[in-house]
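**Q** Shown below is the structure under consideration.
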Amino acid sequence: MNSDHSDPICSPTNNLNKVSSADAMGDLHESIENPPKWLTAALSVPRDEGTVDVDACDIHYFRWGDPSKPGIIMLHGFLAHARCFAFVAPYLAADYHVVAMDMSGMGDSGWRDEYTLGQRADELVTVSESLGLFKHEHKPTIVAHSFGGRIATAAMHAHGERFSGLVICDLMIIRPSILFSNPELFKPPSKRDGSRPNKIYPDLESAKERFFLTPPQPCEEPVLVDYMGFHSLKEVDGGWQWKFDPKVFNIPKNAEESWGKIGEAVTTAPGRKAIIYGKKSLLFTEDSVAFMGELSEEFGTPAIPMIDIPNARHHLMLDQPIAFITALKSVLAVWR
């Protein structure tokens, strides 16, 4: 969405604020007009909101459900934020304690001087620990979309014994021979200058016009794009500005090469894994399915279940939210 190894994990401090249904509905009505009934019902489910200090950076989160239930922690994609799960998590809240967090430098989390894959994985683990997800007799499950899947994979390699499994949602996994011979498809974020400050737009409407999905795609639920776009912005002196830190684009030069190895990293990560992807996705294709099967045979690992969402593209929770929720609930039910 547009608009390394781990460091030691800090002792977390948790700042919690209750978010009433009225506040959550305000989130909705500020961003879109005439929301569909299913979305209104989802946003009316009570949730908590807070921050966890991870290495002197406040990591923002929402959570739903009963803390005595098995845990789920959800991680968004690049330049997105936790609200991409705000209309998904409520459908899981009856059976699970669900947390959705903002990565540092994105959403409503704090900014850092630099961002590494290992540090982001530590954020995931520390938030899980601070909110008690590791205290339950059942280990928590990670659900991660796109770039978040890369962070979650790193967390599984470093801390896999602490989680019950990983559900990857349309992470870009493309056969290297295809990936690196297709420059129009592979446009790594390191191509942008991270020292350039975010532009200030004079009004909300002109700012929202510049919000788009990457890769470009139509969306079956355009109200969700409006919702995500509004909450990707903040009001500042002189107008409106993107919330994300421009420095998130300062990615090491060798990071591009590592994208060709992400299939191997997912295949060899410990624990249970499942992949949910958009049938029309450009970033996880039918060849990706075949490629992952070949990698499982090569490394002698169990075949990873792969579930496609018909008519969905990369941003499958915006395209087909109900179908995505159904697929996710099915995987979780089998694992539980």
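**Q** Over the Cα atoms, compute the radius of gyration (one decimal) and Dmax (the largest Cα-Cα distance, rounded to a whole number) for the chain, in Å.
**A** 18.6, 57
**Q** Please arrange K280, K37 by how many other C-beta atoms lie within 10 Å of their C-beta, fewest to most.
**A** K37, K280
**Q** Which of the aspartates and glutamates could a cross-linker bridge to K280, judged by Cα under 18 Å and excluding same-chain residues fewer than eight apart?
**A** D170, E184, E220, E221, D308, D319
**Q** Provide the FRET efficiency to the nearest 0.05 for the A290-F134 pair, computing r from the beta carbons and using R0 = 41 Å.
**A** The value I calculate is 0.70.
**Q** Amide H neighbours of V143 under 5 Å, at least 5 residues apart or on other chains, H built in the peptide plane: list them.
**A** Answer set, sorted by chain and number: I73, M74, L75, V167.
**Q** Could you order the peptides 41-51, 290-300, 143-153, 211-221 from most to least packed, using the average number of other C-beta atoms within 10 Å per residue?
**A** Peptide ranking by packing, descending: 143-153, 41-51, 211-221, 290-300.
**Q** So how much slack lies between K69 and D55, counting 0.36 nm per residue of separation and subtracting their Cα-Cα distance, in nm?
**A** Length gained between K69 and D55: 2.2 nm.
**Q** Using the beta-carbon distance between E297 and R162 and R0 = 22 Å, what value does 1/(1 + (r/R0)^6) give for FRET efficiency, to the nearest 0.05?
**A** With R0 = 22 Å, the Cβ-Cβ based efficiency is 0.20.
**Q** Counting Lys and Arg as +1 and Asp and Glu as -1, what is the net charge of the other residues whose Cβ lies under 12 Å from the Cβ of F163?
**A** That works out to +2.
**Q** In whole Å, how far is the Cα centre of region 269-325 from that of region 196-230?
**A** 26
**Q** Just subtract the alpha-carbon distance of S258 and I178 from 0.36 nm times their residue separation and send over the number in nm, one decimal.
**A** Gain in length upon complete extension: 27.4 nm.
**Q** Just list whichever of K208/K279; K139/K279; K199/K247; K139/K329; K279/K329; K37/K279 have alpha carbons separated by over 20 Å in the model shown.
**A** K208/K279; K139/K279; K37/K279
**Q** So what J values fall out for region 34-47 if you push phi through Karplus, 6.51 cos²θ - 1.76 cosθ + 1.60 with θ = phi - 60°, rounded to Hz, Gly and Pro as x?
**A** 6, x, x, 4, 4, 6, 4, 5, 5, 6, 7, 6, x, 8
**Q** Same structure again: Once fully extended, how much extra length lies between V236 and W335, figured as 0.36 nm per residue of separation less the alpha-carbon to alpha-carbon distance?
**A** Full extension from V236 to W335 adds 31.1 nm.
Every number here is computed from the coordinates shown, using simple stated rules; none is lab data. Keep in mind that this is a model prediction, so the values were computed, not measured. Reconstructed Cβ throughout: ideal geometry from the backbone, glycine too, with neighbour counts over all protein chains shown.
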